[in-house]
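**Q** Structure in structure tokens, see below.
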Amino acid sequence: MTNSHDPQPRHCEWMDYYNEFEYFSPSGVRDGCHPRIMLHAAPAGNAIILVHGLSDSPYLVSSIGQHFHEQLGFDVYLPLLQCHGLREPRGMETVDLAEWKRNLRFALRRAQERSERISIGGLSTGGTLSFYMAATKPAINGELYLFSAALDLAGGHTGLLGELKERFLRTFLADILDQKKPLVGSNPYRYSHIDMDAAQELAYLIRETDDLVDGFSPKCPFPKRIFAAHSESDTTADISGIENLREKVSGPESLVFYRIPKRQGVPHASLVLKHPIEQAGEVLEPENPFFDDMMKEIDAFALGDGTPE
């Protein structure tokens, strides 16, 4: 039984993506976890690349993608990151940050073929990758959208435990302590747990993005407008990563911060879900009850009417 809100398990499948990356194929990728593409009949002036998070798949950002496509008129590209969404992930043993970047560069090239203005965004690790791309690729000349972005790992009142986690993951101990448990479980759209090999690649990425953030300042600000959404209940990605980035933009109008109070209890991945993920009547991931409100704020931001928090 699949989620009732995904009646077409191979909807908008991006077939050209498989031709570029030999480690993916329609038969090797789980139903619903496939790379997705949403194009208008005529090329849209605006395009957006939306990137999923660690251990999950494009399904999790598909409701946001549909909104950009149907309500804002964007062409939308949802790449599948290397080692994700597979029927047989083999412990993600070959996972490689360089391949994740290559996945996104391919999506960017495809977007450039049809659109003049390209934005990027993502969930968690996808948000971290999106920031990296926006900071290093001039072809991304639109906005940056961050959803529970893993610019820092959560942990402790001051974030010290999160910093220690990042440092630990960059050591050989991370591989030694890898659980080696089966990754495919009951959730049709994500793996059963975060694999240590993949988490280590994220830690390397965070170190790179930390260096990028440190390179920006009020005198040399981050050059793109940012919409950041985060829940104060997030125990995975530290909200301080967004607060730090906020100090590196050109002015308060350059970063709109949609912040869900802790009392609302919206967890990390649920931020991007319009509908819950269910399996056999069990809710595996609850929806974000503020999803529609968040998208209204995105509409205003995308149209240039957004106001800061």
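**Q** Looking at L72, L97, L153, which is the one that is at pLDDT 95 or above and in contact with a strand residue (DSSP E or B) (Cβ under 9 Å, 6 or more places away or on another chain)?
**A** Unique residue meeting the criteria: L72.
**Q** Pairs please, first residue from the range 184-213 and under 15 Å from W100 (Cα atoms), second anywhere and basic (K, R) and at pLDDT below 90, Cβ atoms under 7 Å, 6+ apart in sequence or on different chains.
**A** Q200/R170; A203/R170; Y204/R170
**Q** Mind listing whichever residues of the range 286-303 are touching a His at 6+ places or on another chain (Cβ under 6 Å) and not hydrophobic (A, V, I, L, M, F, W, C)?
**A** Residue satisfying the conditions is E287 alone.
**Q** Consider only pairs whose beta carbons are under 7 Å apart and that are at least six residues apart or on different chains; among these, list those whose first residue lies in the range 66-91 and is on the phi > 0 side of the Ramachandran plot and whose second residue is in a strand (DSSP E or B) and at pLDDT 95 or above.
**A** Cβ pairs passing all conditions: G73/N46; G85/V29.
**Q** Applying the selection to the range 1-21, what residues are at pLDDT 85 or above, farther than 12 Å from R110 by Cβ and touching a strand residue (DSSP E or B) at 6+ places or on another chain (Cβ under 6 Å)?
**A** C12
**Q** Return the total of residues in the range 256-292 being in a helix (DSSP H, G or I) and surrounded by fewer than 18 Cβ atoms within 10 Å (Cβ to Cβ).
**A** 4
**Q** Take L60 and tell me if it is at pLDDT 95 or above, surrounded by 14 or more Cβ atoms within 10 Å (Cβ to Cβ), of a type outside the set (S, T, N, Q) and under 20 Å from G185 (Cα atoms).
**A** Yes.
**Q** Next question, about the same structure. From the list G142, G121, which residue is modelled with pLDDT of 95 or more, touching a strand residue (DSSP E or B) at 6+ places or on another chain (Cβ under 6 Å) and in a loop (DSSP other than H, G, I, E, B)?
**A** Going through G142, G121 in turn, just one is modelled with pLDDT of 95 or more, touching a strand residue (DSSP E or B) at 6+ places or on another chain (Cβ under 6 Å) and in a loop (DSSP other than H, G, I, E, B): G142.
**Q** Specify the residue that is nearest to E278 (Cα to Cα); the eligible residues are those in the range 35-74 that are of a type outside the set (G, A, S) and touching a Lys or Arg at 6+ places or on another chain (Cβ under 6 Å).
**A** Checking each candidate, the answer is D56.
**Q** Run down S115, S119, S124 and say which single residue is of a type in the set (S, T, Y) and out of contact with any helix residue (DSSP H, G or I) (no Cβ under 9 Å at 6 or more places or on another chain).
**A** S115
**Q** Between residues in the range 24-42 that are over 15 Å from Y59 (Cβ atoms) and residues that are basic (K, R), which pairs lie under 7 Å by C-beta distance while being six or more apart or on different chains?
**A** Close Cβ pairs satisfying both conditions: G28/R87.
Residue-by-condition table, conditions (1) buried (at least 17 other Cβ atoms within 10 Å of the Cβ); (2) assigned to a loop (DSSP other than H, G, I, E, B):
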{"position": "N19", "(1), (2)": "no, no"}
{"position": "S25", "(1), (2)": "no, yes"}
{"position": "H34", "(1), (2)": "yes, yes"}
{"position": "S55", "(1), (2)": "yes, yes"}
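**Q** Which of the residues spanning the range 183-198 are assigned to a helix (DSSP H, G or I) and either surrounded by fewer than 21 Cβ atoms within 10 Å (Cβ to Cβ) or touching an Asp or Glu at 6+ places or on another chain (Cβ under 9 Å) (or both)?
**A** Hits for the range 183-198 are M196, D197.
**Q** Same structure, new question: Hey, any hits in the range 74-88 for a residue that's surrounded by fewer than 20 Cβ atoms within 10 Å (Cβ to Cβ) and outside any helix (DSSP H, G or I)?
**A** yes
**Q** Please pick out the residue among S240, S233 that is among the small types (G, A, S) and without any contact (Cβ under 8 Å) to a residue 40 or more places away in the chain.
**A** Within the list S240, S233, the selection yields S233.
**Q** Any chance you could count how many residues in the range 238-255 are surrounded by 22 or more Cβ atoms within 10 Å (Cβ to Cβ) and in contact with a helix residue (DSSP H, G or I) (Cβ under 8 Å, 6 or more places away or on another chain)?
**A** Qualifying residue count, the range 238-255: 3.
**Q** Moving on. Taking L50 as meeting all but one of (1) assigned to a loop (DSSP other than H, G, I, E, B); (2) closer than 22 Å to T236 by Cα, write down the number of the exception.
**A** Only one criterion is unmet by L50, namely (1).
**Q** I've got another one for you. State yes or no: is I49 touching a residue at least 12 places away in the same chain (Cβ under 8 Å) and farther than 22 Å from I206 by Cα?
**A** For I49, the condition - touching a residue at least 12 places away in the same chain (Cβ under 8 Å) and farther than 22 Å from I206 by Cα - is not met.
**Q** Of the conditions (1) of a type outside the set (D, E); (2) in a strand (DSSP E or B); (3) within 24 Å of G241 (Cα to Cα), L151 satisfies every one except a single condition; which number is it?
**A** Going through (1) of a type outside the set (D, E); (2) in a strand (DSSP E or B); (3) within 24 Å of G241 (Cα to Cα) one by one, L151 breaks only (2).
**Q** Among the residues of the range 214-230, which ones are buried (at least 22 other Cβ atoms within 10 Å of the Cβ) and either touching a Pro at 6+ places or on another chain (Cβ under 7 Å) or farther than 15 Å from M294 by Cα (or both)?
**A** F222
The values are calculated or read from the model by the stated rules, or taken from the named source; none is laboratory data. All values reported here derive from a predicted model rather than from experimental measurement. Glycine also receives a Cβ, built like all others from the backbone with ideal geometry; neighbour counts cover every protein chain displayed.
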